[in-house]
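Since every read-out is calculated from the coordinates, none of them should be taken as a lab result. The structure displayed is predicted, hence computed values, not measured ones. Reconstructed Cβ throughout: ideal geometry from the backbone, glycine too, with neighbour counts over all protein chains shown.
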Ligand code: LRH
Ligand code: MN
């Protein structure tokens, strides 16, 4: 697309908001100082915190019933990169994106890497896909992929993952995310034990193809597309597999992949404790894998996850560096706006998690002073850090109000002019 949002538009937009921000920032600075906290130090930490956008998330998403594309839908990875670059330009929180293959397949990955670099983007983990059959694919994944009973199907799926590693190397990525939908819809349909053993064998073959400095991120999910059993259904199965495979294998926590009542922040604490927390797919959900915007349903839960991340970083130091990525489906909003809002809310949780007096909290916990401990922990969540995260964006060259700047820019209308309209109707998340 020839249209790019101009820095002058962002500067004009920021100028209108600057005086109010300065006032709010100074007031928050005083309040945090009373709590012994240095607002500039926290703003610097927030500015250094980044989350990757999902290339599959910049197009309008759908459900199994339907997808209702909006104007200016990205036609392919080059359009998707432009939209990811626009999110980064305005939020300064998303300098990386996570691609998905074969959805983002091109003939020249060198050209793709150059285009991304020209747009100021880098690639985080690459995602394989053995949950759909591609046109011309010799063997079907209807009854599974890496755990299929037919060795030839497993080998086809392994080969695809190894190809994704090769693509990732050309793009400068350092990790492969493996999510498979393998499972069953009837009790007795598959051997729960043998299916897991086949998973271990197949992922071991992929593991052997990993470069030394790469990670393999195993993504668990409770159900869907399988509705009786899922081979990697929970963090326990994922952890066992990662332990079995070796140090380069870690677990990826997609917030939407758990039963509604599961204590996800405790899973984060457990996996971090054993050095197996490899990454996140941030989103939110009320019922199932709803892939809603991060913090749009349970902002307190996201905050609690970042509290455990802050504790893990205190315990494990700078070597603790999970991949932070978003994985959402935007069915009724402009995907760029939703991804910007999500990046802002994730930065908010990151900032709030820094505001807890960890020593006082530990003392209250040791003293079994439940209410004081809860109040000390909640103090971060109850602090409106909007001025702090806005200032962090401003100092990084971003927009104080990314959505207002985006709407004022006319980017979506320009995309609609330059990208042919897409017919409505086809079902599916992308
Ligand atoms: C599975 C999942 C996985 C992706 C897909 C798009 O539900 O979370 O991470 O491959 O969504
Ligand atoms: Mn996911």
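Per-structure values
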{"item": "Mean shadow area of the stretch 24-98, taken as a quarter of the surface of its Cα convex hull (nm²)", "result": "7.6 nm²"}
{"item": "Gain on full stretching of the segment that runs from residue 132 to residue 7 - 0.36 nm per residue minus C-alpha separation", "result": "40.9 nm"}
{"item": "FRET efficiency, 1/(1 + (r/R0)^6) with R0 56 Å, evaluated for residue 191 and residue 26 via beta carbons", "result": "0.30"}
{"item": "Alpha-carbon centroids, the stretch 337-354 and the stretch 86-102: separation in whole Å", "result": "14 Å"}
{"item": "log10 of Debye I(q)/I(0), alpha-carbon scatterers only, for the chain at 0.12, 0.14 Å⁻¹", "result": "-1.03, -1.36"}
{"item": "Percentage relative contact order, the chain, counting C-alpha pairs under 8 Å, at least six apart", "result": "24 percent"}
{"item": "Share, in percent, of DSSP beta bridges within the chain that are antiparallel, nearest 5", "result": "15 percent"}
{"item": "Cα centroid of the stretch 193-221 to Cα centroid of the stretch 244-298, whole Å", "result": "18 Å"}
{"item": "Residue order, fewest to most beta carbons within 10 Å, for 101, 300", "result": "300, 101"}
{"item": "The stretch 80-213 - percent relative contact order, Cα under 8 Å, separation 6 or more", "result": "25 percent"}
{"item": "√(5λ) per eigenvalue of the Cα gyration tensor, the stretch 304-364, largest first, Å", "result": "29, 14, 8"}
{"item": "Peptides 367-377, 303-313, 350-360 ordered by average Cβ neighbours within 10 Å, highest first", "result": "303-313, 350-360, 367-377"}
{"item": "The stretch 101-177: C-alpha gyration tensor shape, a/c 1.5 cut-off, then a/b vs b/c", "result": "prolate"}
{"item": "Length gained when the stretch residue 404-residue 300 is fully extended (0.36 nm per residue, less Cα-Cα span)", "result": "34.9 nm"}
{"item": "Relative contact order (%) - criterion: Cα under 8 Å, at least six apart; region: the stretch 297-430", "result": "24 percent"}
{"item": "Extended-chain gain in nm, criterion 0.36 nm per residue less alpha-carbon gap, residue 16 and residue 40", "result": "6.4 nm"}
